[in-house]
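Here the structure comes first, spelled out in structure tokens, and everything after it is commentary.
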Amino acid sequence: WGCTWRLPALLSPPDAEKTPGYWNKGARRKLELALALQPAAQRAKNIILFMGDGMGLSTMSAARIYKGQLAGGSGEESVLAMETFPHVALAKVSGAVLGETLLLPLLETPLHSSCFQTYTIDRQVPDSAGTGTAYLCGVKANAKTLGLSGAAVYGKCRTTFGNEVDSVLHRARLAGKSVGIVTTTRVQHASPGAAYAHSASRGWYADANMPQEALRDGCKDIAYQLVHNTDINVILGGGRMYMTPRRTPDPEYPEDPDQNGTRKDSRDLIAEWLSARQGARYVWDKKGLDAVKDDSVSHLMGLFEPKDMRYELNRNTSTDPSIVEMTEKAIRILRRNPNGFFLFVEDDHIACAGGRIDHGHHSGRAKQALMEAVMLDRAVARAGELTSPADTLTVVTADHSHVFTYGGSTPRGNSIFGLAPKKAKDKRAYTSILYGNGPGYSIRDGARPAASLPAAEDKDYRQQAAVPLETETHSGEDVVVLAQGPMANLFHGVQEQHYIAHAMAYAACLEPYATEPGCRAARRASHGTQCSPQPLLALLALCMAALIGRG
């Protein structure tokens, strides 16, 4: 279905909510929108995949409330931009494997909701490398491996060769589309790395991070593969230090040796990338990014931190671009290609071992994580303003969830970071948000310390956890997939996570679905070869001239 579903904003005075008519009217409006949905049979010219690393359902729900409270409301009635998408699915993080043949029945089934499992071949609860390989490359794999089938073994270089699998991004580039990566983490990290790399270890960022055995066996680090595997048009994120030789001073922190380049092979991968691409530009701060004119470059690389980019709440707005600004710049450059584009956008700060959503949860700092989720949603909204659902399939999902929850019978309008109204059995206050495990576990003088305000509202406050761990862990429940645009109806039901890549490839006529019915016409349309009246008019003019000459 190609239309955008606009939910009514339920922002009426509290008294109106006490009447049945208020709710009945709102439900009727939603029914009318649902009944008006029509299938969009055309293929997608463009695809944008938004990945909230660690953005489970509880994170989305809490981010919705936080968004509303940032706007001055009570929060519960707020709606995320991604929640306006008409098609919803769930991806399984654990469960049984289903075959590729599932795609064809789905094309004929009129369901509109799905669930996707996110487990890896060897783990019930996955990591971002295994899930990235699933939703980008279309196959389940082993944890901590990138762009490889399940036959590859973590950390064993020799198992790489012959087991490589290509991502949807790579296939889109081969099909003539422009492609891009935007991330709040280092561009060599697990989630973006699955778009272009084939690595037996997600931690092989540069050659300095690789064991000698792997180097001798011929494996390449992820940064090297970023430059040499796929011709990526736009690369925006962090990760400068993995691109330059050891002891190369960082342009932003020249006095800090910990931020210097790390490569042992003395290669300057940024220079190599620039020299191999005519019209390419490299920038390392917001000023440089803002100076790039959209129509002046074919390729843009922006690396804004030595490692991961800063949390939004810690970001220097004058030197570092936001995920919204990076997404907008990428779309403006990529959309110039008449064949279309594929863009992967990730906020890994939601959790903490990957993007910034992920990073926030791993450190037990819920406010950092939820702000990253809100920023990802703002990027989704901005992308919707720059594209059209008539030709752009937009998908929003997560790679996994976290042991994050909120509850405690809190009243309407309670700060999402506030306290529960009643004290716990130990007679001490606790926050609505809690973690199942992580660094927030604390015992003082033989008891749990009481939570208090305003400390619990601080951006670096660590919510309490039930089990002591150095970092909070992923959780294994299913994650949501939201979609709008051409073929968005393919996202429904309870599915394996690797199905996401297949649905996107089918929608855009990419391998292995390039010869499916309707793809030839889609290619003609994208190349501008539709029947045009101009050649007929020119032929008619020639005929008229010939007749006049004869007369």
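The values are calculated or read from the model by the stated rules, or taken from the named source; none is laboratory data. Bear in mind the structure is a predicted one, so any value in this text is a computation, not a measurement. Methodologically, a virtual Cβ is constructed for each residue, glycine included, from the backbone with ideal geometry; neighbour enumeration extends over all protein chains shown. Surface areas here come from the heavy atoms of the whole protein model, side chains and all, with no ligands, DNA or RNA. Shrake-Rupley method; radii C 1.70, N 1.55, O 1.52, S 1.80 Å.
For Asp308, the residues whose amide H sits under 5 Å from its own are Arg186, ignoring neighbours fewer than 5 places away on the same chain, with H placed 1.01 Å from N. Could you let me know the centre-to-centre spacing of the range 287-351 and the range 152-203, using Cα atoms, in angstrom? If we compute the Cα centre of each part, the gap is 19 Å.
The stretch between Ala34 and Glu516 holds 170.6 nm of extra length on full extension. This uses 0.36 nm per residue minus the Cα-Cα distance.
Under a model in which nothing but the beta-carbon of Lys, Arg (+1) and Asp, Glu (-1) is charged, the chain shows a dipole of about 760 debye around its Cα centre. Under 5 Å from the amide H of Phe50 lie the amide H atoms of Val345, Val395, Val396, Thr397, each residue being 5 or more positions distant or on a separate chain, with H modelled from the backbone and absent for Pro and chain starts. Derived scalar couplings between HN and Hα for the range 84-89 equal 7, 5, x, 10, 10, 9 Hz in order, rounded to whole Hz, by the Karplus curve 6.51 cos²θ - 1.76 cosθ + 1.60 (θ = phi - 60°), x for Gly and Pro. Per-residue SASA remark: Arg277, around 30 Å² accessible (1.4 Å probe; ligands, DNA and RNA not included). The residues Thr133, Thr248, sorted by heavy-atom accessible surface at 1.4 Å with ligands and nucleic acids left out, run Thr248, Thr133 from largest to smallest.
Note down the net charge around Ser266, summing +1 for each Lys or Arg and -1 for each Asp or Glu among other residues with Cβ under 13 Å from its Cβ.
My count for the surroundings of Ser266 gives +1.
Here the calculated FRET efficiency for Lys18 and Arg448, from their Cβ-Cβ distance with R0 = 60 Å, stands at 0.95, rounded to the nearest 0.05.
Remark: the range 29-40, residue by residue, has Karplus-estimated 3J(HN,Hα) of 5, 5, 4, 4, 5, 5, 5, 7, 5, 10, x, 10 Hz, where x stands for each Gly or Pro and the curve is 6.51 cos²θ - 1.76 cosθ + 1.60 at θ = phi - 60°.
Loop-located chymotrypsin sites (Phe, Trp or Tyr not before Pro) in the range 118-166 (DSSP state not H, G, I, E or B) with no more than 14 neighbouring Cβ atoms inside 10 Å: Phe161.
Among 46-59, 376-389, 230-243, how do they line up from the highest to the lowest mean number of other beta-carbon atoms within 10 Å?
Listed from highest to lowest mean packing, they are 46-59, 230-243, 376-389.
For the pair Gln212 and Ser388, a Förster radius of 35 Å applied to the C-beta separation gives a FRET efficiency near 0.10, rounded to the nearest 0.05.
Rank by packing, highest mean first: peptides 191-201, 302-312, with packing defined as the count of other Cβ atoms within 10 Å averaged across residues.
191-201, 302-312
For Ser475, the residues whose modelled amide H falls within less than 5 Å of its own, excluding neighbours fewer than 5 places apart on the same chain, are Ser401, His402, Val403. Couplings 3J(HN,Hα) of the range 509-519, computed from phi: 6, 9, 4, x, 10, 5, 9, 5, x, x, 6 Hz, in residue order, whole Hz [Karplus 6.51 cos²θ - 1.76 cosθ + 1.60, θ = phi - 60°; x for Gly and Pro]. Need the C-alpha centroid separation for the range 25-64 versus the range 387-462, integer Å. Cα centroid of the range 25-64 versus Cα centroid of the range 387-462: 25 Å apart. Accessible surface calculations at 1.4 Å, restricted to protein heavy atoms, place the range 404-472 at 58 Å² per residue. The relative contact order of the range 404-472 comes to 33 percent, based on Cα pairs under 8 Å that sit 6 or more residues apart.
Taken over the Cα atoms of the range 404-472, the convex hull encloses 91 Å³ per residue. Using the average count of surrounding beta-carbon atoms within 10 Å as a protection proxy, the listed peptides 478-486, 136-144, 182-190 rank, highest first, as 182-190, 478-486, 136-144.
Across the protein chains, with a 1.4 Å probe defining accessible surface, the residues Asp250, Asp460 rank Asp460, Asp250 from largest area downward.
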